[in-house]
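A.B. asks: Handing you a structure now.
The values are calculated or read from the model by the stated rules, or taken from the named source; none is laboratory data. Quantities reported herein were computed from a predicted structural model and do not represent experimental measurements. Backbone-built Cβ (ideal geometry, glycine too); neighbour counts: all protein chains shown.
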Amino acid sequence: MLTCDQYHMPTTLPEALALWRAAPEGSRLVAGATDILPWAREGRAGHVHLPAMIDLSRIGELSGYAIADGRVRLGANVVYQQFLTDDTLRAHLPCMPFCSIWFADDQIREQATLAGNVVNASPAADGTPPVLALNGDIEIAGLDGDTVVRRSLAVADFLKGPGKTDLRPGEIVTALTCDSLEGYGGSFQKVGQRRSLVISSVCAVACIKTDPAGEVFEDVRLALGGIGPVPVRLTDIEDMLKGQRITRELIAEASSIPVTRVASRTRQDYRRTVVRGFVEAAIDDALADTGAPVPVPREREKSHV
């Protein structure tokens, strides 16, 4: 059970920051609250009583999105369901619909925020690898006296380890800013005990742009979650593929490289097996999403001989 002494619903960012600065130790910020409620159930954190909860869901400044100069700014209250229902977001962030469809269920997607998923800093968070692949930055606000001050840093630098971030006392995340990848193909792979309504064991994301003929990798974005303390971007593999002709042999070679980077505390052999297949599948599915022909997998080639 989750209880609290005070429940605040500020409507402006300065009001929320003032409440957060004055909140007693042990208080919590919530937006969708889809993580804190399961955490408070018996079996995870047991019965939880908090001095105060500050609900950010009514702050207009944290809602909505804007697109300018090749970047998409997502307010901290943007929820997963929007990546499925908003055609503009689907076009500019092509991996996010595939991530979102496997993120929990319809009811939770209507509440769960992408920013909250990133801030939780889970090594297996579904939303963080796509944000890394999209060159995501995180925007943060705090108070200096009565003045709102802001800073921004790369999500890759914001994440410090399981449950650990660069967020300082009194600060609130206000937005995520990502590259617009309109015209790219996207994909997301996930494995757990089920495909959704479960924490990922491993997840992989790919965003790919090809030449007009669909024969050459013009740009490649790859990231993995669940293989170590924080999700990782596979920049060296991206560089290996960029500018190269698309072949099954090249994709297979690139997909074998991340296997050595599995550094999770448990099930390493399983994760190594999954990673190779997932990177290959992510690349294939992203290519298919561009409309480009996908090289026939080796197993199918053999069956056709």
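A.B. asks: Taking the condition at pLDDT below 95, more than 19 Å from Val155 (Cβ to Cβ), in a loop (DSSP other than H, G, I, E, B) and β-branched (Val, Ile, Thr), does Thr266 pass?
C.D. replies: Criteria met by Thr266.
A.B. asks: Out of Gly186, Gly170, Gly142, I need the residue that is touching an Asp or Glu at 6+ places or on another chain (Cβ under 7 Å) and within 26 Å of Glu61 (Cα to Cα). Which one?
C.D. replies: Every option except Gly142 fails the conditions.
A.B. asks: Now for a separate question. Would you check if there is a residue in the stretch 28-41 being touching a strand residue (DSSP E or B) at 6+ places or on another chain (Cβ under 9 Å), among the basic types (Lys, Arg) and farther than 16 Å from Asp179 by Cα?
C.D. replies: Yes, the stretch 28-41 contains a residue that is touching a strand residue (DSSP E or B) at 6+ places or on another chain (Cβ under 9 Å), among the basic types (Lys, Arg) and farther than 16 Å from Asp179 by Cα.
A.B. asks: Can you name the number of the only condition in (1) among the charged types (D, E, K, R); (2) more than 21 Å from Leu132 (Cβ to Cβ); (3) surrounded by 15 or more Cβ atoms within 10 Å (Cβ to Cβ) that Arg90 fails?
C.D. replies: (2)
A.B. asks: Here's another thing I want to ask about it. Grab the strands (runs of 3 or more DSSP E) fully contained in the stretch 147-201, keeping just those with 3 or more residues being at pLDDT below 95 and either at negative phi or hydrophobic (A, V, I, L, M, F, W, C) (or both).
C.D. replies: Because the criterion is at least 3 residues that are at pLDDT below 95 and either at negative phi or hydrophobic (A, V, I, L, M, F, W, C) (or both), the strands (runs of 3 or more DSSP E) in the stretch 147-201 that meet it are 185-191.
A.B. asks: When you look at Gly70, is it assigned by TED's automatic domain parsing to the domain that holds Ile172, exposed (fewer than 14 other Cβ atoms within 10 Å of the Cβ) and either touching a residue at least 40 places away in the same chain (Cβ under 8 Å) or over 23 Å from the mean Cα position of the chain (by Cα) (or both), yes or no?
C.D. replies: Taking the combined requirement at face value, the residue satisfies it.
A.B. asks: Give just the number: which of (1) surrounded by 14 or more Cβ atoms within 10 Å (Cβ to Cβ); (2) not in a loop (DSSP other than H, G, I, E, B) does Ala33 not satisfy?
C.D. replies: So the condition that Ala33 fails would be (2).
A.B. asks: Suppose the filter is within 14 Å of Phe83 (Cβ to Cβ) and not assigned by TED's automatic domain parsing to the domain that holds Gly228; does Ala141 pass it?
C.D. replies: No, not satisfied.
A.B. asks: In the stretch 272-298, which residues are at pLDDT 70 or above and among the charged types (D, E, K, R)?
C.D. replies: Arg272, Arg276, Glu280, Asp284, Asp285, Asp289
A.B. asks: Test Pro97 against the criterion of being without any contact (Cβ under 8 Å) to a residue 24 or more places away in the chain and under 24 Å from Lys190 (Cβ atoms), and give yes or no.
C.D. replies: In short, no.
A.B. asks: Is the stretch 63-70 home to any residue that is at pLDDT 95 or above, closer than 17 Å to Ile172 by Cα, in a strand (DSSP E or B) and not acidic (Asp, Glu)?
C.D. replies: No, every residue in the stretch 63-70 fails to be at pLDDT 95 or above, closer than 17 Å to Ile172 by Cα, in a strand (DSSP E or B) and not acidic (Asp, Glu).
A.B. asks: Turning to a different aspect of this structure: Is the stretch 12-23 home to any residue that is β-branched (Val, Ile, Thr), touching a residue at least 12 places away in the same chain (Cβ under 8 Å) and over 30 Å from Leu132 (Cα atoms)? Break it down stepwise before answering.
C.D. replies: Of the residues in the stretch 12-23, the ones β-branched (Val, Ile, Thr) are 12.
Imposing the further condition that a residue be touching a residue at least 12 places away in the same chain (Cβ under 8 Å) reduces the set to 12.
So of that shortlist, the ones also over 30 Å from Leu132 (Cα atoms) come out as none.
For the stretch 12-23, residues β-branched (Val, Ile, Thr), touching a residue at least 12 places away in the same chain (Cβ under 8 Å) and over 30 Å from Leu132 (Cα atoms): absent.
A.B. asks: Only one of Arg90, Arg109 is touching a strand residue (DSSP E or B) at 6+ places or on another chain (Cβ under 8 Å), more than 27 Å from Leu17 (Cβ to Cβ) and charged (D, E, K, R). Can you tell me which?
C.D. replies: When all the criteria are applied, what remains is Arg109.
A.B. asks: Are any residues in the stretch 74-130 among the β-branched types (Val, Ile, Thr) and closer than 20 Å to Lys209 by Cβ, and if so, which ones?
C.D. replies: Thr88 - this is the single residue of the stretch 74-130 that is among the β-branched types (Val, Ile, Thr) and closer than 20 Å to Lys209 by Cβ.
A.B. asks: Right, here's the next one. Does Asp236 satisfy the condition of being modelled with pLDDT under 90 and acidic (Asp, Glu)?
C.D. replies: no
A.B. asks: While we're here: Check whether at least one residue in the stretch 122-144 is crowded, with 23+ Cβ neighbours inside 10 Å and at pLDDT below 95, and report yes or no.
C.D. replies: The answer is yes; a qualifying residue exists.
A.B. asks: What residue, among those in the stretch 1-15 that are within 15 Å of Ala33 (Cβ to Cβ) and of a type in the set (A, V, I, L, M, F, W, C), is surrounded by the fewest Cβ atoms within 10 Å (Cβ to Cβ)?
C.D. replies: Met1
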